[in-house]
Amino acid sequence: MATIGILIETEDGNVKDTNFGVLTAARGQGDGTIIALMMDGSADGAKDALGKYGAQKVVQLSADGADLSTSHDLKARTLAAAIEHYSLDALLGLASAQGRDIFARLAAFMNLPLASDCMAVDMAAKTVKKSHFSGKAFATIKMLGKVMLCAIRPNAIDAVEAPADAAMESFAASVQDPGLVKVVEVKKEAADEVDLTEAGVIVTGGRPIASADNYKILDECAKLLGGAIGASRAAVDAGFAPHAMQVGQTGKTVSPRLYIGCGLSGSVQHFAGMKTSKVIVAINTDKDAPIFEKCDYGIIGDLFDVVPVLTEVLKEKL
Amino acid sequence: MQIYVCVKHVPDTAANIKIVGENGFDDAGCKFIANPYDEYAVEQAVQLVEKNGGEVIVVTVGKAVAAATIRAAMAMGAHRGILITVDSQFLDSQTTAQALKVAIEQDGKPDIIFTGKGAVDSEGFQTLYRLAAGMNLPVVNEINKMELGEGKATVGHEIGGGAREVLDVSLPCVLGTTKGLNEPRYPKFPDIMKAKKKEIKQITIADLGISVDGAQSELEKLEKTPDRSGAKMLEGDVRQAVEELVNILKEEEKVI
Ligand SMILES: Cc1cc2nc3c(=O)[nH]c(=O)nc-3n(C[C@H](O)[C@H](O)[C@H](O)COP(=O)(O)OP(=O)(O)OC[C@H]3O[C@@H](n4cnc5c(N)ncnc54)[C@H](O)[C@@H]3O)c2cc1C
C-alpha cells in the first residue's frame, strides 16, 4: 500500500480548487494513504475541503525556527524532510508557477526523478504521461527512483469527491536554509484576477482585438464564467496585453475545461499552450482560418459582434 | 566576467514531428533551432559582457549537428563553445546536468550560468535546478528582469495570480531566462561570418567520465497528440449561433 503526499497550494489562505484534481489523481492509485501537506495557509481551515476529496491526513509543515515564506530552498528542504518522515512513495502537486519551481528544487536536492507538468500518473506501472515537443506529442515516462515526484498540469484531471475524515497533524522539520536566494518582495499587481494557468474557463483575444482597452469586452464575458482572459503572442507583441496574459509556446500552458479563442488564426505555437483544453471554441471572421480545423465548435463572425452577444446570452441563461 | 550559457538544439517549434518506432522521431527530416528560451539567456550574457568585460561560453549537450546551434549563439556574440556529444535523441535531465557541470568545471570559473527556462522539446523544466544543486549554487528560474549588483543579482519573475516576486541571488548562480528579459538580437551577416571562425571544443559525454546508463527516468513511448477532427460550425445569425453554442456548452459538454 502506497503512501502518497500531496503538496497543497493556497491563495489568500484558501485551498485552490485545482488541488482537488490532484487529490483525485492520488486516490486513483489503489487504496493507499493520502497525506495533504501544507506549507502556507492553515491546515485547520483547509481540513474540511481536503477531506471532501479524500485526504486522510492534513499536515501543517513548518521549518524549525525559520519562516518558510522567506526562501524556496527552505521549502524544498522541508518537503524533503516530510518525504522521509512519512516514508512517502510519491509526492504529487500542481505544476503551477510555484509548484514547478518547488518540485524542481526538491528533485534536484534529493536527486529523485521528477515529471513536471504531467497529465496522468500511474503509480503501479511507475509511469506518467506528459506533453512532449510543445504539445505535439505525448510521452510516457518511466520513473526509476525510489520516490515519484509529479507536478500535475492544473485541470488535467477532473476532481471527484470522496469524503474522508481527515486527521490533523503538524510537522516541524529541522532544516537549514543555504541562504543564497532571498525573497525581497512579492507584489500582487491585480488583486481580483483569476490565475490564467489554473482558470477553468479562458477567453482569449488575438491580434484583431486591436487595443488593450478592447479586452474589456472579453473580460466581461470571462467574468460571467468565472474565468480569465488570455492573449496571443501577436496581441502581446503589439502591446495590447502584458506577457503574463500570453498563452502558448513562449507564454503559459493552460488546460481549462473551456477555451474560447476570439480572432486567433490557430498557430502551432499558440496551440502548444492550450491544446489539452477540454472544449475549444473559435470565433473568427475567416471561414478558412486554420483554427477551425483544430477546435470543437466554431462561429464565423467578427469577435466584436459575437462576444457581446455571447455575454448577453450567458447573462440570460446562467 | 565569465558567463556560461547552456543552449539546447531542438526541433523548430513549427516543424512537423514524425514519430519513429516506440520512442524516437525522424530528426534527419526536421529543421532544428536553438531552444527559443535560450536566446534570452545568450542575449543577457552577451549584454553583461559587453558592459562589464569577460567572455561568454556556450555549452551544449547533443548530437554533433548541434554545433549549428552553438554557431547561432556565437553569431549573437558568444565567444567560445563546448559541445558535449551524445548518440541518443533524449537524455534524462540528471545526466545532462551532470555533463554540463563537469564540462563547465573543467573549463573555468563561472560568475553566472544562464539557461532558458525549459526546453521546448522534452519540456522537463528541471535541468538547471539539477545543475545548480550539483554545483552547490543558488538557482532562480523564469526570470524576466535582472540587475547586477555587488556579488549578487536582483532578479524578478512572475509567480502566478498576477503576482511578481523579486529575489536577491548571490553570485555565482544559475539563472533560467524567459521572454521579457530582453530582445534577442538578429545577427548580421558579418557576425555570422565571424562566428564561423570561433572555437568549438568537442568532447564526448564518455570523455567527461559520465555514463548514460544511470538514468532516473526513461522515455518509454512517444505518440502524437490526437488532433481534433475539425469544428462543428454553428450556423445562422449571430444570435442563433451563440444560443446554440451556449446550449451545447451547458447541456452536452457541461463545461459552463
Ligand atoms: C518561437 C515562436 C514562439 C511563439 N510563441 C507563441 C506563443 O507563445 N503564443 C502565441 O500565441 N503565439 C506564439 N508565436 C506566434 C505564432 O506563430 C502566431 O504568429 C501568433 O499566435 C498569431 O497570433 P494571432 O492568432 O492572434 O494573430 P493572426 O495570426 O494575425 O490571426 C488573427 C486571426 O483573426 C482573424 N480575425 C481578424 N479580424 C477578426 C475579427 N474582427 N474577429 C474575429 N476574427 C478576426 C483572422 O482571420 C485571423 O485568422 C510564436 C512564434 C514563434 C516563431
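The values are calculated or read from the model by the stated rules, or taken from the named source; none is laboratory data. Model, not experiment: these values are computed from the prediction. All Cβ positions, glycine included, derive from the backbone under ideal geometry; neighbour counts span all protein chains shown. Note: accessible area is taken over every heavy atom of the protein model, side chains too, but ligands, DNA and RNA are not part of it. Shrake-Rupley method; radii C 1.70, N 1.55, O 1.52, S 1.80 Å.
Values for this structure:
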quantity	calculated
Any chance B:L171 is within 14 Å of chain A (Cβ to nearest Cβ) and touching a His at 6+ places or on another chain (Cβ under 9 Å)	no
Criterion violated by B:R239 - all others in (1) more than 22 Å from the chain's Cα centre (by Cα); (2) in a loop (DSSP other than H, G, I, E, B) satisfied	(2)
Near pairs, Cβ below 7 angstrom, 6+ apart or cross-chain, from region A:232-246 (open to solvent by less than 40 Å² (accessible area, probe 1.4 Å)) to any residue that is basic (K, R) and near the ligand (Cβ under 9 Å from one of its atoms)	A:S232/A:R207; A:A234/A:R207; A:A235/A:R207; A:Q246/A:R233; A:Q246/A:K252
Residue, nearest to the ligand (Cβ to nearest atom), within region A:277-303, restricted to residues that are within 24 Å of the chain's Cα centre (by Cα) and open to solvent by less than 10 Å² (accessible area, probe 1.4 Å)	A:A282
Which numbered condition A:N155 misses (of (1) under 22 Å from A:L225 (Cβ atoms); (2) open to solvent by 30 Å² or more (accessible area, probe 1.4 Å); (3) facing chain B (nearest Cβ under 8 Å))	(3)
Subset of region A:253-276 [more than 9 Å from chain B (Cβ to nearest Cβ), near the ligand (Cβ under 6 Å from one of its atoms) and among the polar types (S, T, N, Q)]	A:S265
Checklist (1) more than 16 Å from the ligand (Cβ to nearest atom); (2) in contact (Cβ under 8 Å) with a residue 24 or more places away in the chain; (3) within 30 Å of B:T225 (Cβ to Cβ); (4) open to solvent by 20 Å² or more (accessible area, probe 1.4 Å) applied to B:V20, failing item	(2)
Total residues in region A:16-47, condition part of a strand (DSSP E or B) and of a type in the set (V, I, T)	3
Answer residue from region B:174-219, given it is of a type in the set (S, T, Y), more than 9 Å from chain A (Cβ to nearest Cβ) and within 22 Å of the chain's Cα centre (by Cα) and is nearest to B:G124 (Cα to Cα) among those	B:T177
Scope region A:203-252; condition assigned to a loop (DSSP other than H, G, I, E, B), among the charged types (D, E, K, R) and within 10 Å of the ligand (Cβ to nearest atom); matching residues	none
Any chance A:D192 is more than 8 Å from chain B (Cβ to nearest Cβ), modelled with pLDDT of 95 or more, in a loop (DSSP other than H, G, I, E, B) and open to solvent by 70 Å² or more (accessible area, probe 1.4 Å)	no
